[in-house]
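Laboratory data are not the source of any read-out in this text; all were calculated from the coordinates shown. Keep in mind it's a predicted model, so treat the numbers as computed, not measured.
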């Protein structure tokens, strides 16, 4: 096995949950600056529309992991999921929102196991 082959990350085929992608060490295109754009927009409501298979659930679960106050639920601190990602460089103004809010996440997606 060559040096490059050993460093290859797995592709998250069929994986739609941000925390699982990061925890599994899978390849992830960093879209965390979407959090910054969302906060800068300061909109009351944001509608995320994209065609099928364009990462809607992955982005929504990323937002959930960033904003959700997980301490009352299970004590799992999701801050570590964002280590080394672009949102860390955005500054304290944005990181101050991390883990501060109750989040309701609803998905009508049927998760496929073993894909």
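Each helix, a run of at least 4 DSSP H residues, gives -39500 (n - 2.57); summed and divided by the residues of the chain, these come to -8000 deg cm²/dmol at 222 nm. In units of the rule-of-thumb radius 2.2 N^0.38 Å, region 3-95 shows an alpha carbon radius of gyration of 1.17. With respect to the chain, whose longest principal axis is taken over its alpha-carbon atoms, helix 56-67 is tilted by about 60°. For region 3-95, the relative contact order works out to 33 percent when only alpha carbon pairs closer than 8 Å and six or more residues apart are counted.
I want to verify a result. In a Gaussian network model of the chain, Cα cutoff 10 Å, which of these has the top mean-square fluctuation: 51, 102, 12? Most flexible of the set in this elastic network: 51.
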